[in-house]
Amino acid sequence: MIGYYVHHQGRGHLHRALCVARRTRTPVTGLSSLPRPDGWTGEWIHLPPDTGPGDAAAADPTAHGRLHWVPRHHAGLRARSAAVTAWIERAAPTLLVSDVSVEIAVLARLMGVPVVVSAMRGDRSDPAHRLAYDLADALLAPWPATLPEPGWPQEWRAKTEHTGAFSRHDGRPRPERPAEAREVVLMMGAGGSELAEADVRKAAQATPGWRWTVLGGPGGWCDDPWPLLCRATVVVTHAGQNALAECAAARTPALVVPQDRPHGEQRATAHALADAGLATVRERWPEPAEWPALLDTTRRTVGDRWRLWAPGDGAARAAHLLDALAASHDEKKERPCASP
């Protein structure tokens, strides 16, 4: 049995878990504050939230800077931890994947469960991330080994499986893109955005020859953006892992504007894309006058270059790693201890 912790922020962690879990041979149990998703075939443990009113005044939430969120005497945190430990005690999982929580990774390892951590770009040199990455049996990095995260210590690199980016759309037939179309899809996602509706309106007004479709934020949520992504001439998006994986699966040229995220995650990802020539990158939302040239430049990017970022088998590679680790640890559990 593999436990798979799914963080509730945005939808990228959930989509990634679904991709991997449907490809493993080992049964997978999901643990999350999110509702059980359609298509999840294993057990789903709904966790109590560990946040709530009054959190701004929480006492010592980082344990003197050693963790990320462990406020003293917090009922939600206590209930959440209790739910995870109760499941571990009952299910005796062979492996737990944390995507992504330092505290869940540490809790599982303290109970003797081997841990795989879903890695993220950006500066992870803080004590909490170092603890989680150090104790992990393996790190899953959804980006290619040819574009490594600079500054990682050798011991992290040695246990990293670089799967390349992967998405729920991998392997899905791509509709033919209209040759003369000039369509922009702005994909804002569900993880929060700094973009104002007025910024989008001004960009569209500055590019009268282009038709704009907005997904997320003021445009509303779209459960299946695949047809729109495949039809688009250019996708404008942030630098979240899931959004980029979906652009890459569609092989659509992208203009990437990274958002501010903890540890500089999106800016680090955007720099990797720019260095490899995979996308047009701007550090800030462009001014209206910049948009016509930017869209024309971006549309000339060869969409098939996305294959370097997302080869299409990333989820299968992640599942293979989890199955192999689970099988290895199962053998060790069954092997009798040597006599002193």
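Please treat every number below as a calculation from the coordinates, not as lab data. Since the model is a prediction, treat every value here as computed from it, not as a measurement. Heads up, the Cβs are rebuilt from the backbone with ideal geometry, glycines too, and the neighbour counts pull from every protein chain shown.
Once you've got the GNM for the chain with C-alpha springs shorter than 10 Å, pick whichever of Pro144, Pro93, Pro37 has the biggest mean-square fluctuation.
It is Pro37.
Find how many whole Å separate the alpha carbon centroid of segment 117-142 from the alpha carbon centroid of segment 26-42.
23 Å
For segment 183-308, what class follows from the C-alpha gyration tensor (a ≥ b ≥ c being the square roots of its eigenvalues): rounded when a/c is under 1.5, otherwise prolate if a/b is larger than b/c, else oblate?
rounded
Filter the chymotrypsin sites (Phe, Trp or Tyr not before Pro) in segment 191-289 to those in DSSP coil with at most 15 other Cβ atoms within 10 Å of their Cβ, and list the result.
Numbers: sites: Trp210, Trp212, Trp221; in loops: Trp210, Trp221.
Sites meeting the loop and neighbour criteria: Trp221.
Using helices alone, I'd like the mean residue ellipticity at 222 nm for the chain: each DSSP H run of four-plus residues gives -39500 (n - 2.57), total over residue count, nearest 500.
-10500 deg cm²/dmol
Of the listed values (i) 1.09; (ii) 1.00; (iii) 1.04, grab the one calculated as Cα Rg over 2.2 N^0.38 Å from the structure here.
Correct label is (iii).
Using the Cα centre as the reference, give the magnitude of the dipole from point charges on the C-beta atoms of the chain (Lys, Arg: +1; Asp, Glu: -1; all else neutral), rounded to the nearest 20 debye. Don't skip to the end; give the middle numbers.
Values: 39 positive and 38 negative charges, 89 e Å.
Computed about the Cα centre, the dipole is about 420 debye.
Under a Cβ-only charge scheme (Lys and Arg +1, Asp and Glu -1), can you give me the dipole magnitude of segment 183-308 about the Cα centre, in debye to the nearest 20? Intermediate results must be reported in sequence, preceding the final value.
Values: 13 positive and 15 negative charges, 67 e Å.
For this selection, approximately 320 debye.
Work out from phi, with θ = phi - 60° and the Karplus expression 6.51 cos²θ - 1.76 cosθ + 1.60, the ³J(HN,Hα) of each residue of segment 59-69, listed in order in whole Hz, and give x for Gly and Pro.
8, 6, x, 10, 6, 6, x, 8, 10, 9, 8
Specify the inter-centroid distance of segment 279-329 and segment 219-278, based on alpha-carbon positions, in whole Å.
7 Å
If you take the beta carbon distance between Arg72 and Thr51 as r and set R0 to 22 Å, what does 1/(1 + (r/R0)^6) give as a FRET efficiency, to the nearest 0.05?
On the way: r = 15 Å, r/R0 = 0.66.
Efficiency, from the Cβ-Cβ distance: 0.90.
Using a Gaussian network model on the chain with a 10 Å cutoff between Cα atoms, which of Arg121, Arg16, Arg307 fluctuates the most?
Per the Cα network of the chain with a 10 Å cutoff, Arg307 tops the list.
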